[in-house]
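Encoded as structure tokens, the structure appears first; notes follow it.
Since every read-out is calculated from the coordinates, none of them should be taken as a lab result. Predicted model only: the values in this text are computed from it and were never measured. Using ideal geometry, Cβ is built from the backbone for each residue, glycine included, and neighbour counts are taken over all protein chains shown.
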Amino acid sequence: MNWVRHAPEGYECPFCDLASGEFRFESNLCEPGDLIYSDELVLAFIASHGFEPHPGHVLVIPRAHYELLYELPDDVAGRIMTVSRDMAIAIKRAWNPDGVSTRQHNEPAGSQHVWHYHQHILPRWHKDGFYFTPKRPIVDRAVRARKAAELRAALDS
């Protein structure tokens with residue numbers, strides 16, 4: 001399937017710039033010292049933007065340019081998950097947070113703002129105020145069954 005591209009014309013991808021090691025783009029906030037891990041498929045590095053009051057979280061990206069989760073090849077997707085797990089363990093060992101969250105965004109409505117797939121791994125502390133969303137009501141059993149059937153049909157197509 002061909003996915004809609006959201007990167008503007010002439011986009012200077014900061015993550016491709018980091019992966020290349022060239023740091024050609026003046027707008028790139030990534031620095032060589034941010035890099036934690038690199039292999040033939042993925043990189044992990046400290047994000048330039050933080051979430052106060054505890055700055056410092058990890059981004060795991062594919063080395064090759066993929067804008068969206070939808071288009072990741074299986075080997076890259078699997079490697080991202082393995083390295084994300086390893087980064088979560090490293091965060092736990094290094095900073096001893098109360099917990100760890102992961103999150104990933106796709107397309108503008110999904111809050112994506114860098115047009116290169118990236119997985120966030122964030123240290124979390126009790127009462128850190130990171131999520132302000134109230135708990136949602138339980139979804140009716142019939143609605144859940146209908147939604148599951150719709151997704152099964154989409155997987156089969």
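Data table
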| quantity | calculated |
| --- | --- |
| Longest segment of the chain lacking GluC sites (Glu not before Pro) that sit in a DSSP loop with at most 14 other Cβ atoms within 10 Å | 41-157 |
| DSSP-assigned coil residues among chymotrypsin sites (Phe, Trp or Tyr not before Pro) in the stretch 109-152, each with at most 11 further Cβ atoms within 10 Å | Y131, F132 |
| Gap separating the Cα centres of the stretch 82-142 and the stretch 16-53, nearest whole Å | 19 |
| At 1.002 mPa s and 20 °C, Stokes diffusion of the chain via Kirkwood alpha-carbon radius, µm² per second | 122 |
| Relative contact order (percent, whole number), the stretch 86-150, Cα cutoff 8 Å, 6+ residue spacing | 31 |
| Set of lysines near K92 by C-alpha distance (under 30 Å), chain-local residues within fewer than 8 positions excluded | K127, K135 |
| Mean separation of Cα contacts under 8 Å (6+ apart) over length of the stretch 14-132, as relative contact order % | 24 |
| Highest average packing first - 139-149, 82-92, Cβ atoms within 10 Å | 82-92, 139-149 |
